[in-house]
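Computed from the coordinates by the stated procedures, all read-outs in this text should not be read as laboratory data. Computed from a prediction, not measured in an experiment: that's the story for all the values here. Cβ coordinates were reconstructed from backbone atoms using ideal geometry, including for glycine residues, and neighbour counts include every protein chain displayed.
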Amino acid sequence: MNTLQKVRFVGKPLVFLLCLLPAALVVGDAFGITGQLSANPVEDILDRFGNWAIRLIMITLSVTPLRQITGWNWLTRFRRMLGLFTFFYALMHFLTWLLLDRGLAVDPAFQWAAIFEDLTERPFITIGFAALLLLTVMAVTSTNGMRRRMRQAWDKLHYSVYAVGVLGVWHYWWQVKKDTSDAWIYAIILAVLLGYRVWTRYRKPVRA
Amino acid sequence: MLINKPADIRQSEITSEQNYLNRRDFIRAGSIAGASVLAGTAFGAVIPEGERAKLPDVSKSAFSTIEAPNSYEDVTTYNNYYEFGTGKEDPYRNAGQFESRPWSITVDGHAEKTGTFHFEDFMKPFDLEERIYRMRCVEAWSMVIPWVGISLADVVKHFQPTSSAKYVAFETLNDPVRMPGQRRRVLEWPYKEGLTIAEATNPLAILAVGVYGETLPNQNGAPIRLVVPWKYGFKGIKGIVRISFTEEKPPVSWNIAAANEYGFYANVNPEVNHPRWSQASERAIGGGLFAPRKPTRMFNGYGEQVAHLYDGLDLRKNF
């Protein structure tokens, strides 16, 4: 097998399964098979999906620097899948909040007004929702056909992945009650990943 | 050349873990036996040592709610006790080794009786009661907990505060060796809390020494902690080593950490939101995945007993 075949038949299925593992564990824990959810199961699920969305945006943003440093150009082939899994976990995080925590699916007294209040009056929720909207647009336009049709506009749109990184870490930071140590770690990783891009851009002259 | 010095304790001199544990059991059995002799002659609370030891002579209270308490597991695995870590399960995981004996409590400030007391002596004048209370955390979750404790009003009266005493201040043990969470300055250590004298002498306020009829597990604040059910949970200071009667309003930990988010009073109030989240509803722990949130009640449903304490006070400003 050549490199491209290895990526396609071994690498991609493997990465796909790995990315699915945290979600599988949530389901497994919910049914008491792989472990147990905490005493506050809704919060537990919410946190786990949210944490994996943040981790996956970091991993997605690592692909390009890693490719440039190592010269392993085949890494690019994983970028879309990682981006889509970021969207998947962010969406699951949002749906857990909407359906279970805020109760759209379980609460007879559910009120859209309360949801609207949360989205507009709690800045950390507004920020998280904005990140999800950007991810949704990028996920919808992630097919080969859309990329072809959108031409240069596609690149411009998909630069918003950087904004998603910033909004995601900000959203995480703002909801922490006091202990920001994990938020710091994500912020530092993000700063390195974005800083690398600024650095490479201004280091060498732009070629035509 | 550096030569490592051999350990100056011979292997044969080290007490085996089993012998060490036996020794503890021996002392524990002795102290319980001694204590029960005392209990026969004197009135008051006798607290056996060790986790999950049954508390004797606990009477019921009319202040208890009839709501079903949370499971022992919920009450003891989902806690905020930053002295043992900031995660909800950290206290359960990290507090197991904590030794809550010997323990002493210092009472000082504007009172006729002051001094430092062994925990056992401190407890003797008071009677144990079971108080099944709702607990509402500032993070918008809640539980129902069957505490065992002593009336804080009785404690305050016992030490005879003078007319200068306007507040009661509490402090947690400050010992980063035994409380690993204190090695990081997430909060200013030691943890501090306070009540007005009127709040401290309200019949609802208790110092809890047990839960579910047994001694308090370390993660719940062994050996003694405050419970004020009409206030957010962070007012319930754990592992108390100092009680002071003060004239000035004492500084309290979460207010020091973020004054715009946590006030001195911290009364449960569905109409005053946390700056970052709503306090209008709460998630009752133990409801499982598909339970809706429930509306939060003013003073956590204890308004009948405590609302008069705040007559004329703007609860929006004094949150």
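Report summary: the helix-based calculation at 222 nm, which adds -39500 (n - 2.57) for every DSSP H run with n ≥ 4 and divides by the residues of chain B, gives -5000 deg cm²/dmol.
Straight-distance candidates among the lysines for linking to residue A:156, with alpha-carbon spacing under 22 Å and chain neighbours fewer than 8 residues away dropped: A:204.
Within straight-line reach of residue A:6, meaning a Cα separation under 19 Å, there are no lysines at least 8 residues removed in sequence or on another chain.
About its Cα centre, the dipole of region A:49-170 is roughly 940 debye, where the only charges are +1 on Lys and Arg Cβ and -1 on Asp and Glu Cβ.
Within chain B, the longest segment free of exposed loop sites, counting trypsin sites (Lys or Arg not before Pro) that fall outside DSSP classes H, G, I, E and B and have at most 10 other Cβ atoms within 10 Å, spans B:186-315.
Rounded to the nearest 20 debye, the dipole size of the protein assembly as shown about its Cα centre is 3660 debye, using +1 on the Cβ of Lys and Arg and -1 on the Cβ of Asp and Glu.
Between the amide H of residue B:109 and those of B:245, distances stay under 5 Å, these residues lying 5 or more places away or on another chain, with hydrogens modeled in the peptide plane. Among the residues of A:33-41, the average count of other protein chain beta-carbon atoms within 10 Å of the residue beta-carbon is 5. Dividing the summed -39500 (n - 2.57) terms of all DSSP H runs of n ≥ 4 by the residue count of chain A sets its mean residue ellipticity at 222 nm at -24000 deg cm²/dmol.
Of the residues B:69, A:123, B:245, the one whose Cα sits farthest toward the positive end of the charge dipole of the protein assembly as shown, with +1 on the Cβ of Lys and Arg and -1 on the Cβ of Asp and Glu, is A:123. Look at where the Cα atoms of region B:224-251 and of region A:1-58 average out, and the two centres are 43 Å apart.
Evaluating kT/(6 pi eta Rh) at 20 °C and 1.002 mPa s, with the Kirkwood radius of chain B over Cα pairs in the Stokes-Einstein relation, gives 103 µm² s⁻¹. Classified by the C-alpha gyration tensor, region A:9-168 has an oblate form. Its axis ratio a/c, with a ≥ b ≥ c, is 1.5 or above, and a/b does not exceed b/c.
Relative to the longest principal axis of the Cα atoms of chain B, the long axis of helix B:17-41 lies at roughly 60 degrees. Contact order, relative form, for region A:40-203: 24 percent (alpha carbon pairs under 8 Å, 6 or more residues apart, mean separation divided by residue count).
Largest GNM mean-square fluctuation across A:179, A:44, A:101, computed for chain A with C-alpha springs under 10 Å, falls on A:179. Of all chymotrypsin sites (Phe, Trp or Tyr not before Pro) in region A:42-113, which ones are in loop regions per DSSP and have a Cβ with at most 12 other Cβ atoms within 10 Å? Here the chymotrypsin sites (Phe, Trp or Tyr not before Pro) that fit, given the DSSP loop and packing criteria, are A:72. For region B:43-115, a crude dipole built from +1 on the beta carbon of Lys and Arg and -1 on the beta carbon of Asp and Glu, taken about the Cα centre, is about 160 debye to the nearest 20. Compute the distance from the alpha-carbon center of region B:151-200 to that of region B:275-319, in whole Å. Spelled out, the Cα-based centre of one part sits 23 Å from the other. Let me know the longest stretch in chain B that avoids all GluC sites (Glu not before Pro) found in a DSSP loop with at most 13 other C-beta atoms within 10 Å. Maximal segment without exposed cleavage sites: B:113-187.
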